[in-house]
Each structure stands twice: as structure tokens, then as C-alpha cells.
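Data first, discussion second: the structure below is written as C-alpha cells.
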2 protein chains.
Amino acid sequence: MKFDRAQLDIMPKRKRTNFINSLSGVKSANLVGTTSISGINNLALISSVFHVGANPPLLGMLFRPHTVRRDTLENITASGCFTINHVNEQIITQAHQCSAKYDAMADEFAEVGLNPQISSLCNAPYVQESKVKIALKLQESHLIKANDTQIIIGEIVEVICPQELIEDNGNVDLASANCVGLEGLDTYLKLSSIIRLQYARPDKA
Amino acid sequence: MKFDRAQLDIMPKRKRTNFINSLSGVKSANLVGTTSISGINNLALISSVFHVGANPPLLGMLFRPHTVRRDTLENITASGCFTINHVNEQIITQAHQCSAKYDAMADEFAEVGLNPQISSLCNAPYVQESKVKIALKLQESHLIKANDTQIIIGEIVEVICPQELIEDNGNVDLASANCVGLEGLDTYLKLSSIIRLQYARPDKA
């Protein structure tokens, strides 16, 4: 079935939102931890984290300025740091609950039933129940003019990951870590390894 | 196990690249189709596509300026358009082969054994073997100063997707479409649905 812009524009709003949100393919499910100037911990479910570079080690993510995630963006701007914590199968419901619009004064760790873990290198809490945890300092931000969203680039200052999840080639074994993916806004996906392929070369099919 | 920046910096180069590349969590696997000014089709495996917004419908992706993907970036800049095509289990090896550094004059569809499909709305080829295909026009680009990578934002002009893959709520059923995810640079992941959760509200755990 083909949809041109006119057909997309007349889709019912919620259906269209879900449709477009699932068009990028599977998204990573991460919890972003921050602390406000007044010391309140904030936790947000973010599905827009993307790899930016390995040297220096950089990750990016996208924020909509006027959603529940504004607290997170404000905290990152004020404190200059944040954590990214992989969502695994054991904490899907708690992680999803972080997308609720809690009061700005609420400690979302307590609200959803997850535990903060202090980092010595970053004024932002890790999620104790997450297996792969990354602390970052804010590096730069870019405003997307087309829809006023904001891209944040962070530089990795610390990674916490069980040794047994790191494969010989360096890959974090996301399937064994029970890390999950997101389809659209609400559907969680299990990951299982199919195949690892060699570095591709033109003369080798 | 904890890694601070000093410990990351002394990791063997390839291991470090794989490690950092898998830290964002699962990545979507997409083929980006473009056509050069001289009419040569190009196909690139891109794992950095991310959702930017539903209204207007926008997707973003990241390019490293000095890799094999430069052809793609140059074609997008020159033609103003490109396609994004989901990789499914049936075309993993062909898709992965697109990451090889072919000569600039090579038609990568022919090289890897995939077929171009013409779009009436966009001067860039779809991948016939892909089930979910999106045509976009270039909207804006941003240079990431931290590592000279470039973010491209595109506006969706057409979507081709089998009706049976679109769920009642609008989600594209990525698992039924056999769409795959990527871990790091080389490991392909199968997706299967775990649970769909309701819109989260503070008063409803």
C-alpha cells in the first residue's frame, strides 16, 4: 500500500503518530537519569539514542521541547551531565511508566519503583536495575528547525557493564543482557542473535 | 565492570569501536537508496536512522563524512532526496555487503544482488526486496562539531508498506515484517514482540 503526504496527513492523529514512530524501524529503549539543581532525580524513557562516534566516544539523542522530557533536557543543560541505562526485560513496566507526566517535584525513581545508583564521575543517577549503564557529559546541542526538537550530543565518561556481556570482539551482547527494543511508542521487542557477519569487502561476496 | 575514559582510550582500536557502537542499544538496519547526478544508483547500509517527528513526518540519520557513505551524502545533497528501506531477514547478507567500499562508479544494487524500484515522487531508488520503504526529501543538515559527522533530516514524501503489516493502532508490525536490528557493526538481531503497554499516566501504575 502506498501513502503519499496527503494520505498521511488525513490519517487519524494517534494512528498517524504510531505509524510514523514505527517507520524508523526498531528503536533502542533507554532510561535517561538526571538530577535537578535542587537535587531531585529524574528518569525518562528515551527511544531516540543513537551512536555518533567511537573516538571520542559520543552518543546523541533527540528531545521534544514541550513534553514530559523537558525536565530531563533542563537538568542536562543545568548540570552538564546525564546517564543512559539500557532497559531490559525485567524492568519494562517500570521503564514504560517513566513516560508518564509526573509533577516536576516527583522523584521518578520512587514513583516507578527503580533504584538510583550514584556515579562518582557524574552528577546524575544510574538505574541500579539496568545492566548496561553509561555516564555522559553534555558536549553540544542542535535545534532542528523543521519541528523545534533538540538534539543533544554527549561524550561518554564512564561505562558500567558486566564483563560476561562483553564479547571478544568488543560487542555488548544485547540479547544475553535481555535488552529490549521499541516499536513505535508502546510495543516492546525481544532481541535474539541471528548472525554475525565479517567486515564487508567489494571483492568478497 | 567499570570503564572510565582512560580505560576506554587504551582498549584495542577495533574492540573499542565495537564496544562503543553497541552501547546505544539495538539499532535499526536500513538501506538508504540514492541516485547520483550522472544517474548511478547507490545503496548504503545505515544503522543511525532515528525518528524526529510525526507532524510533519521527519526522520534523521547520521553520516561520517569520510567513509563509504560519502557517496550517499553527496547524492542526497545534490538530488535533495533519498529512500530508507527496512532490512529484513531474507536480505541480511546482501544488505551487509552494501557496507563494502565499492568504486564510486559501481551500481551497488547490481553488486550485492538487490533490485531498484522506481519512485514516481523521488529521484532515488527503493529496494524492491524491502517490505517497508520510505521516500524523503532533504530538509536540513547539522554538522556535529565534536567529530565532524553530519546529521541529515528528511521529510517523508511517500511510504510503501503492505496493509497487513499495519496494526489497528497504526504501528508497523516489525516482527511480522521480519525486520532486523543491528548490534554494533556486524551482528544482526531478530525481533519478536513481548508486550504492548498502554499510554502511561502518573495515577495508574
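Values in this text are rule-based calculations from the coordinates and carry no lab data. Just so it is clear, the model here is predicted, and its values are computed rather than measured. Cβ: placed from backbone, ideal geometry, glycine included. Neighbour counts: every protein chain shown.
Restricting attention to the range A:67-103, which residues are part of a loop (DSSP other than H, G, I, E, B) and within 12 Å of another protein chain (Cβ to nearest Cβ)?
Passing the criteria: A:THR67, A:VAL68, A:VAL87, A:CYS98, A:SER99, A:ALA100, A:LYS101, A:TYR102, A:ASP103.
Might you let me know whether the range A:88-103 holds any residue that is buried (at least 21 other Cβ atoms within 10 Å of the Cβ), free of Cβ contacts under 8 Å to residues at least 24 places away in the same chain and small (Gly, Ala, Ser)?
no
So that you can scan it fast, the table gives a plain yes or no per residue for (1) free of Cβ contacts under 8 Å to residues at least 12 places away in the same chain; (2) touching a Gly at 6+ places or on another chain (Cβ under 6 Å); (3) among the small types (Gly, Ala, Ser):
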| residue | (1), (2), (3) |
| --- | --- |
| A:SER24 | yes, no, yes |
| A:VAL32 | no, no, no |
| A:LEU45 | no, no, no |
| A:ALA54 | yes, no, yes |
| A:GLY60 | no, no, yes |
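Going by the conditions given, is B:THR17 facing chain A (nearest Cβ under 7 Å), touching a strand residue (DSSP E or B) at 6+ places or on another chain (Cβ under 6 Å), of a type outside the set (A, V, I, L, M, F, W, C) and part of a helix (DSSP H, G or I)?
Judged against the criteria, B:THR17 is a match.
Please verify whether A:ALA54 is surrounded by fewer than 24 Cβ atoms within 10 Å (Cβ to Cβ), facing chain B (nearest Cβ under 10 Å), over 20 Å from B:ARG201 (Cβ atoms) and within 18 Å of the chain's Cα centre (by Cα), treating the condition exactly as stated.
When the stated conditions are applied, A:ALA54 passes them.
Name the residues in the range A:34-61 that are out of contact with any strand residue (DSSP E or B) (no Cβ under 8 Å at 6 or more places or on another chain) and either within 24 Å of B:MET11 (Cβ to Cβ) or of a type outside the set (S, T, N, Q) (or both), would you?
A:ILE37, A:GLY39, A:ILE40, A:ALA54, A:ASN55
Looking only at the range B:107-125, filter to residues that are within 14 Å of another protein chain (Cβ to nearest Cβ) and in contact with a helix residue (DSSP H, G or I) (Cβ under 7 Å, 6 or more places away or on another chain); which one of those is surrounded by the fewest Cβ atoms within 10 Å (Cβ to Cβ)?
B:GLY113
Looking at this structure, is B:SER176 polar (S, T, N, Q), facing chain A (nearest Cβ under 7 Å) and under 20 Å from A:SER22 (Cβ atoms)?
No; evaluated as a whole, the condition is false for this residue.
Would you confirm whether any residue within the range A:125-148 is of a type in the set (D, E, K, R), part of a strand (DSSP E or B) and more than 18 Å from A:ILE46 (Cβ to Cβ)?
No - not one qualifying residue is present in the range A:125-148.
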